[in-house]
Amino acid sequence: SQQGEEDPQALSIQEGENATMNCSYKTSINNLQWYRQNSGRGLVHLILIRSNEREKHSGRLRVTLDTSKKSSSLLITASRAADTASYFCATRLIQGAQKLVFGQGTRLTINP
Amino acid sequence: GAVVSQHPSWVICKSGTSVKIECRSLDFQATTMFWYRQFPKQSLMLMATSNEGSKATYEQGVEKDKFLINHASLTLSTLTVTSAHPEDSSFYICSARVTEAFFGQGTRLTVV
């Protein structure tokens, strides 16, 4: 079953604006990762945040993690048309098999 | 960075035939690979964990006789969809590693 739920399911903004996507999960995690998927393609790893970290930056990406609320957010600043894609959070559980469990994803559209 | 190559990118087959999808790690050894299935506009659902030199571990509800997995070497895992039916039409993606996973390009399977 899916571990994570993301919202919104779809987001459409103007180029230059910031985009924020949220992810919630159910059980304790080792780390949480964000991936991007262009239509009909594989996934590309964006950023990983460990359970003992609260915030992480990578270029125009900012990820936060609140383990007390079991939630994470991905912020893309100064969005570009090329950022149009689906974004998924994925969690690696502390216990259990070595695998990633993906959220439902957010379809982001950046309008030029 | 590490690369995972998946082949073919797309395949159309007749109902009742079998289709083999290959997943290769090009510049690293992967004792474990993962196979996912993705329906349109939905998230990735883990089907099975492929283990080099041993049997694959299937997720609940995935028919192991339907989706045969072979991980014969440290750089190659194959997924064979046997006796394919139209409902098997989907996007299949492989990945390697759990931390900052690397994904193949995906295979679009259409069963007619």
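FYI, it's all coordinate maths here, none of it is from the lab. The structure displayed is predicted, hence computed values, not measured ones. All Cβ positions, even for glycine, are placed from backbone atoms using ideal geometry, and neighbour counts span all protein chains on display.
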Please list 3J(HN,Hα) in residue order for the range B:100-112, calculated via the Karplus relation 6.51 cos²θ - 1.76 cosθ + 1.60 where θ = phi - 60°; whole Hz, with x for glycine and proline. 6, 4, 10, 10, x, 6, x, 10, 8, 9, 10, 9, 10
Kirkwood hydrodynamic radius over Cα pairs of chain B, then Stokes diffusion coefficient at 10 °C and 1.306 mPa s, in µm²/s: 115 µm²/s
Average partner coverage of B:33-43, which counts Cβ from other chains inside 10 Å: 4
I'd like the isolated cysteines in the protein assembly as shown, meaning no second cysteine's beta-carbon lies under 4.7 angstrom from theirs. B:Cys13
Part-to-part distance (alpha-carbon centres) for the range A:41-112 and the range B:2-43, which is given in Å: 23 Å
Rounded to whole angstroms and listed largest first, the alpha-carbon spread of the protein assembly as shown along its three principal axes comes to 48, 39, 32
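Under the classification rounded if a/c is under 1.5, otherwise prolate if a/b is larger than b/c and oblate if not, where does the range A:28-104 fall, given a ≥ b ≥ c as square roots of the Cα gyration tensor eigenvalues?
Oblate.
Loop by DSSP (not H, G, I, E, B), at most 15 other beta-carbon atoms within 10 Å: where is the longest site-free stretch of chain A for GluC sites (Glu not before Pro)?
Working: sites that count: A:Glu15, A:Glu17, A:Glu53.
The longest such stretch corresponds to A:54-112.
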Per-residue Cβ counts within 10 Å, from other chains only, averaged over B:85-94: what number is that? 1
In terms of Cα to Cα distance under 30 Å, which lysines are near enough to A:Lys99, apart from those fewer than 8 places away along the same chain? A:Lys26, A:Lys56, A:Lys69, A:Lys70, B:Lys20, B:Lys41, B:Lys55, B:Lys64, B:Lys66
